[in-house]
Amino acid sequence: MEYSPILHNLHVVPSSHVKNKLFVFCIMLSLWVYMIYCCVGYCSTVPNLTYRSVNRHENDSEIDNQDSSVGASRDLLNNENDLDSRGDEWDEIRGEAKALDDNAMSGFLNESESKKLPQAIIIGVKKGGTRALLEFLRLHPDIRAVGAEPHFFDRNYDKGLEWYRELMPKSSEGQLTMEKTPSYYVTKEVPARIYTMSKDTKLIVVVRDPVTRAISDYTQTRSKKPDIPSFESLTFKNISAGLIDTTWSAVQIGMYAKHLERWLQYFPTEQLLFVSGERLISDPAGEMARVQDFLGLRRVVTEKHFHFNPAKGFPCLKRPEGNSKPHCLGKTKGRTHPNIDPEVVQRLRDFYKPYNRKFYRMTGHDFGWD
């Protein structure tokens, strides 16, 4: 058969044309699949965002309702510390969700992140303001902290360090991992256990007037168990003799100097920072400056992150770059304290005086509780 250039051209041109069409079709198909994938991904986030928005409004409504009650005393730093190791409701809804979202996003962007044992721990004290401090710290980009209380060194130590590590959020090389469990400060075995994990661990203690702290502790317990005995009867071993019952945890926790002696057997004072629960309310930016310096961090969390709400009586968090409504910590904040016999309050103050003064000497700081 004779070779024909015309037939050859007719054969080549259609083949090349089909290939071009196939190439264009593949590109369009890829774009179409990608658009569907993006739409599905976007839609899947809508219910979650809506749920959080609804919960936020419900919480704000409940907080506002509680503000209408008037009492002689207010519990301004009311962080929950239940026996089931859960944080308060605000933390579970907002803090943990935020931490999980942040972990997922940062983990996606940075595969070099890993879970590390904490380099710093808020070790106490209950009803001092540990929850407020933790949430203030979580505003810092160089801090990754677990929201719920692990209770590893006092209740779950037998589960081992790897179990503990798995509870921590992922962090990158330049970030600091933290946790908080207020009962650590008063548990005898904890100082040695933390030292065994790392003798370089930085420790933060949030302290508060021990009398106010004890009443706040009692108020929280009574909110869950309304039938408990009166504060006065629990405070004394013998009311007529005026002998304080130091075995009652609400009283015992406030004997700060006694507990500090155990910690100083393992850690130098330079590794412990004592934060004033009162100043955490009146001057949160000032206390946060001290905390950030102690942790070796940039002073990122400043006065622009706080909005003092005079109706609630404590600072609320806000994002300085946005116009969103400031978010206050927990619907339980602002519990009305019961009216305690003034004579009982004075006896407690007299009881705590020697402990307070010794604590001032040990820490080099006068907290002004006397």
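The numbers here are math on the coordinates, done by the rules we state, and not lab data. Because the structure is a prediction, the values reported are computed rather than measured. Here the Cβ is made from the backbone with ideal geometry for all residues, glycine too, and neighbour counts use every protein chain on show.
What the table shows:
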item: Burial ranking of peptide ranges 299-305, 179-185 (average Cβ count within 10 Å, highest at the top); result: 179-185, 299-305
item: Sorted by Cβ neighbour density within 10 Å, fewest at the top, the residues 288, 28; result: 28, 288
item: Relative contact order (percent, whole number), the stretch 131-187, Cα cutoff 8 Å, 6+ residue spacing; result: 46 percent
item: Footprinting exposure proxy for 328, 316 (fewest neighbouring C-beta atoms within 10 Å first); result: 316, 328
item: Residue order, fewest to most beta carbons within 10 Å, for 276, 240; result: 240, 276
item: For the stretch 159-233, alpha-carbon Rg over 2.2 N^0.38 Å; result: 1.53
item: Backbone N under 18 Å from the residue 269 label point (7 Å along Cα→Cβ), restricted to the stretch 336-370; result: 354-369
item: Given 199/258; 188/318; 115/159; 202/237, the pairs whose alpha carbons are separated by over 28 Å; result: 188/318; 202/237
